[in-house]
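Enquirer: Dropping a structure here in structure tokens format, bear with me for questions.
No lab work stands behind these numbers, since they all come straight from the coordinates. No experiment lies behind these values; they were computed from the predicted model shown. A quick note on method: Cβ atoms are made from the backbone with ideal geometry, for glycine too, and the neighbour counts reach across all protein chains shown.
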Amino acid sequence: MSDSFLWANSGDSHSLGEEAVWEEILPKDLAARMPRSEKFDGYELVHVDGETFRRDMPKLMTKKVEGKTIAELVMERGATDIESRLRDLDAEGVWAEVVYDSLGLWESMIKDQKLLAAANRAENEWKASEIVSRSNNRLVPTAGVPLLDLDLAIAEMQHAAGLGLRVISMPSGVPQGMPDYNRDDWEPFWSAVEEAGMVLGFHIGTDNDGSSNTPYRGPGGAVLNYVNTTFGGQFVAMKLVTGGALDRHPNLRILISEGGASWVPFIGDRMNEGYRQHSMFVRPVLSLLPKEILYRQVYTSFQHDETAPAAMWAMGYRNVMWGSDYPHLEGTFGHTQKTLHELFDGVTPEVSHRIRLGAFKELFPHVSDPPAA
């Protein structure tokens, strides 16, 4: 294994400590209704605007070390403090990164569109002034938009774009009461997003109703549940391709984060098969085969998958992006250089550069290049 230092951009990372941010930027009565977390031995309760959801947690996340949980210790290492975070990224070899919320991903469970609109407006202004500005554009935080009302969503998306935000956080499962993503009801939103040049960012694991993140029990349940979280992102990509949204909006780009990359060629082949063999039932008719649209407009991020580089060099899918998942347990923090070398030492420089840096820059050209290694 080479001992050279590799730089990479990350298509997936997270913030923590949203509760403290909400208390800072929202009126007290609104902040109290935003998602908050209580951690217990092996499980977590998430409270969202009067509703409570339980999810199982790795005991490592709730175990106390010197009186603090692992999540609290990681937060101190830069999950919310910009300067500490950038020091971590420099040490790991991560130059720029997309930053999703953590607890804030539960905002999709909020049913009050006025609360959601107020929260998104305050969050987006805070992210632009605190995260984008203080990181000199190395951190690319996701904007929130109130998807329960598409007119409000479009207005807030345009406001966020005017602030300099570049990517929208979208749940892979549509908010309750909204039409599915393959329906034409979303057409005004897709048009506005394309015109604004924003990226649609779908993080895996945001497609259920919040009632359970562990649908499988018994032998193999832990692995089954972990793998199950990836499927929502795949269905989002298929809906936007087969429903015609991406065909009608060829400059619209979507990012499926933390869901791997080697599924894209397989799903593309299956969609092509269905499109050809069941053409008498297919609506709408597309200008290109589904796989071509998928390859053109859908970007994906992975962290450890050894098959992901082959999706590019062996199967022609170029929109593969690496991601660190900082600071989550599944991520590469603490061993990023080792992971990058294991993934890329055996591929051509072109493939390595494209996955580590190039695809990210295609989505976010405003980000500067890293210093010379």
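Enquirer: Modelled label-to-label distance, A20 and A314, 7 Å Cα→beta-carbon offset: nm?
Expert: For the pair A20/A314, the computed spacing is 4.5 nm.
Enquirer: Based on the Cα coordinates of the chain, what is the per residue volume of their convex hull in Å³? Before the final figure, lay out each step's value.
Expert: Values: hull volume 54.7 nm³, N = 373.
Cα-based convex hull of the chain, divided per residue, equals 147 Å³.
Enquirer: When the chain is fully extended, how far beyond the present Cα-Cα distance does R183 get from H304, taking 0.36 nm per residue of separation? Don't skip to the answer; put the middle values down first.
Expert: Numbers: separation 121, 0.36 × 121 = 43.56 nm, distance 3.42 nm.
So the chain would gain 40.1 nm between R183 and H304.
Enquirer: Now a separate question. 5 Å is the cut-off here: which amide hydrogens, built 1.01 Å from N in the peptide plane, fall below it relative to D207, excluding neighbours closer than 5 in sequence?
Expert: S172, G173
Enquirer: Length gain on complete extension for the stretch K114 to H47, per 0.36 nm per residue less the alpha carbon to alpha carbon distance? Write down the numbers at each step before the final one.
Expert: Values: separation 67, 0.36 × 67 = 24.12 nm, distance 1.82 nm.
Full extension of this stretch gives 22.3 nm more.
Enquirer: Want the number for D149 to K361: 0.36 nm per residue separation, take away the alpha-carbon distance, what's left? Each step should come with its number before you reach the end.
Expert: On the way: separation 212, 0.36 × 212 = 76.32 nm, distance 3.15 nm.
Once the chain is fully extended between D149 and K361, it gains 73.2 nm.
Enquirer: Right, something else. Order these peptides, 141-147, 235-241, by their mean beta-carbon neighbour count within 10 angstrom, highest first.
Expert: On the way: 141-147: 26.3, 235-241: 23.4.
Result, highest mean first: 141-147, 235-241.
Enquirer: Relative contact order for region 107-184: what is it in percent, counting Cα pairs under 8 Å that are at least 6 residues apart? Could you put the intermediate results ahead of the total?
Expert: Numbers: 87 pairs, mean separation 24.8, N = 78.
Once divided by the residue count of region 107-184, the mean separation gives 32 percent.
Enquirer: Still on this model: So for S108, S191, S102, fewest C-beta neighbours within 10 Å to most, what's the order?
Expert: Working: S108 24, S191 15, S102 21.
So the ranking, lowest neighbour count to highest, is S191, S102, S108.
Enquirer: If you average the sequence gap of Cα pairs under 8 Å that are 6 or more apart and divide by the length of region 193-322, what percent do you get for the contact order?
Expert: Values: 179 pairs, mean separation 35.5, N = 130.
Once normalised by length, the contact order is 27 percent.
Enquirer: Given points 7 Å out from each Cα along the Cα-Cβ axis, report the F5 to V347 separation in nanometres with one decimal.
Expert: 2.3
Enquirer: Under a point spin-label approximation (7 Å from Cα along Cα-to-Cβ), what is the R55-S129 distance to one decimal in nm?
Expert: 3.0
Enquirer: If you keep only loop residues by DSSP, which GluC sites (Glu not before Pro) in region 115-191 have at most 10 other Cβ atoms within 10 Å of their Cβ? Numbers along the way, then the final one.
Expert: Numbers: sites: E123, E125, E130, E156; in loops: none.
Answer by residue number: there is no such site.
Enquirer: Right, something else. Between D369 and R248, what FRET efficiency follows from the Cβ-Cβ distance if R0 is 41 Å, with the result rounded to 0.05? Let's see the in-between values first.
Expert: Numbers: r = 34 Å, r/R0 = 0.82.
So the FRET efficiency works out to roughly 0.75.
Enquirer: Which of S352, S279, S13 moves most in a GNM of the chain, Cα contacts under 10 Å?
Expert: S279
Enquirer: While we're here: How much FRET efficiency would the formula 1/(1 + (r/R0)^6) give for L288 and F231, where r is the Cβ-Cβ distance and R0 is 41 Å, rounded to 0.05?
Expert: For R0 = 41 Å, the calculated efficiency reads 0.95.
Enquirer: Pairs to check: K338/K361; K39/K114; K28/K111; K111/K361; K111/K239. Give those whose C-alpha atoms are more than 26 Å from each other in this structure. The partial results should precede the final answer.
Expert: On the way: K338/K361 23 Å; K39/K114 28 Å; K28/K111 19 Å; K111/K361 35 Å; K111/K239 24 Å.
K39/K114; K111/K361, as the Cα separations exceed 26 Å there.
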